[in-house]
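Heads up: the structure comes next, in structure tokens.
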Amino acid sequence: MDDTLRSCREFTEVLASDAPAPGGGGAAALTAAIGTALGGMVAALTVGKPRYAAVETELRSVMADCDTLRQQLLAQVQADAEGFLPLAVYALPKNDPTRPEKLAAASADACKTPLHIMELCCRALDAMAVLVEKGSRLAVSDAGCGAAILGGALRAASLNVLVNTKAMGAAGAPLNERCLALLHRGETAADAVFAQVKHDLL
């Protein structure tokens, strides 16, 4: 079996098991990395073509950004699993006086990675917006696919923030505000790219 296919198969097998991690956050990060990789592909199919010489420098920069973002998103798969482990405080007796404080702290820590995933998704979607406008017309559907995938990953990551802030009470409000701002920014960008590609293909 091809190593890439084996890795994908093994990841999804663990994901489908009763193991506590990876979970939704890790799945969102991996999915976002795939969407970002599509952006890199569109850029790679564009640079070096005489027809796109005027945007060569810009798209080489976008291609480098996509590669960096893809690597950073892949790193969040493990980071999300590690961020989930402190939530073992849920197992503490409910009458333990330290439980609320420990739970709030662990929940705040668990929000860090999905929020970072959302930030990376938004940056990748900024790249998609450039690619759908200036990238190869032969790969415009791939830019649209990348944006659609990133939009889904963004939404998935947001739920991993909100499920943790729910345990924090009022202390979770600033994190919710940050999450919802990123969600609005990313959804707007993803929907705009998807709509543009759909329009171009009809």
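The values are calculated or read from the model by the stated rules, or taken from the named source; none is laboratory data. Source: prediction; values computed, not measured. So basically every Cβ, Gly included, is an ideal-geometry build from the backbone, and we count neighbours across all protein chains shown. SASA here: full protein model, heavy atoms, side chains in, ligands and nucleic acids out. Shrake-Rupley method; radii C 1.70, N 1.55, O 1.52, S 1.80 Å.
Where does each of 92-100, 59-67 land if you order them by average Cβ count within 10 Å, highest first? Write out the running numbers ahead of the final one.
On the way: 92-100: 10.1, 59-67: 19.3.
Descending mean neighbour count gives 59-67, 92-100.
In the chain, Cα pairs under 8 Å separated by at least six residues give a relative contact order of 27 percent. Computed from the Cβ-Cβ distance with R0 of 41 Å, the FRET efficiency linking Leu180 to Gln71 stands at 0.90. Contact order, relative form, for segment 25-121: 35 percent (alpha carbon pairs under 8 Å, 6 or more residues apart, mean separation divided by residue count).
What accessible area per residue comes out for the chain, rounded to a whole number of Å², with a 1.4 Å probe? Intermediate values should be presented prior to the final figure.
Details: 10620 Å² over 202 residues.
I get 53 Å² per residue for the chain.
Under the convention that each Lys and Arg Cβ holds +1 and each Asp and Glu Cβ holds -1, the size of the dipole of the chain around its Cα centre is about 260 debye.
Under 8 Å for C-alpha pairs, at least 6 residues apart: give me the relative contact order for segment 112-169, rounded to a whole percent.
51 percent
A simple spin-label model places the labels of Glu187 and Leu92 3.4 nm from each other, with each point 7 Å out along Cα-to-Cβ.
Per-residue ellipticity at 222 nm from helix content only, as computed over the chain with -39500 (n - 2.57) for each DSSP H run of at least four residues, stands at -27500 deg cm²/dmol. Centre-to-centre, using Cα atoms only, segment 2-76 and segment 117-187 are separated by 14 Å. Rounded to the nearest Hz, the phi-derived 3J(HN,Hα) couplings of segment 55-64 under the Karplus curve 6.51 cos²θ - 1.76 cosθ + 1.60 (θ = phi - 60°) are 10, 3, 4, 4, 6, 5, 5, 5, 4, 5, where x marks glycine and proline. Given R₀ = 35 Å, what would the calculated FRET efficiency be for Ala19 paired with Arg60, taking r from the Cβ atoms and rounding to 0.05? Rounded to the nearest 0.05, the efficiency is 0.30.
Taking 0.36 nm per residue of separation and subtracting the current Cα-Cα distance, fully stretching the chain between Asp200 and Thr12 would add 64.3 nm. Gain on full extension, evaluated as 0.36 nm per residue between Ala171 and Arg51 minus their Cα-Cα distance, stands at 37.8 nm. Under a Gaussian network description of the chain, with springs only between Cα atoms under 10 Å, the residue in Ala16, Ala139, Ala148 that fluctuates furthest is Ala16.
The lysine pair count for the chain, using Cα distances under 26 Å and pairs eight or more places apart or on different chains, is 9. P(r) tail, the chain: Cα-Cα pairs separated by more than 20 Å, 59% of all pairs.
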